1. For residue 18 and residue 51, what does the FRET efficiency come to when R0 = 25 Å and r is the distance between their Cβ atoms, rounded to the nearest 0.05?
2. How much length is gained if the chain between residue 3 and residue 26 is pulled fully straight, taking 0.36 nm per residue apart and subtracting their Cα-Cα distance, in nm to one decimal?
3. Using packing as a proxy for protection, rank 10-21, 41-52 so that the peptide with the highest average count of other Cβ atoms within 10 Å comes first.
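FYI, it's all coordinate maths here, none of it is from the lab. The model shown is predicted, which means the values in this text are computed figures rather than measured ones. Methodologically, a virtual Cβ is constructed for each residue, glycine included, from the backbone with ideal geometry; neighbour enumeration extends over all protein chains shown.
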């Protein structure tokens, strides 16, 4: 569940229950783009590499759970 932290307390108290636990929506595509004829600022490259790694980790985690 993507936003489980928002309902964690209520679920712990039994005020809410999880439905469709075996179902998960497909991820949403994320794009980072910049003009090919320009040099990428180091900060942008660092962010791009970081976010790619994070999304890769999330994708791999979901695949191993499924």
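1. Working: r = 28 Å, r/R0 = 1.14.
Once rounded, the FRET efficiency stands at 0.30.
2. Working: separation 23, 0.36 × 23 = 8.28 nm, distance 1.50 nm.
Full extension of this stretch gives 6.8 nm more.
3. Details: 10-21: 9.0, 41-52: 11.0.
The packing order, highest mean first, is 41-52, 10-21.
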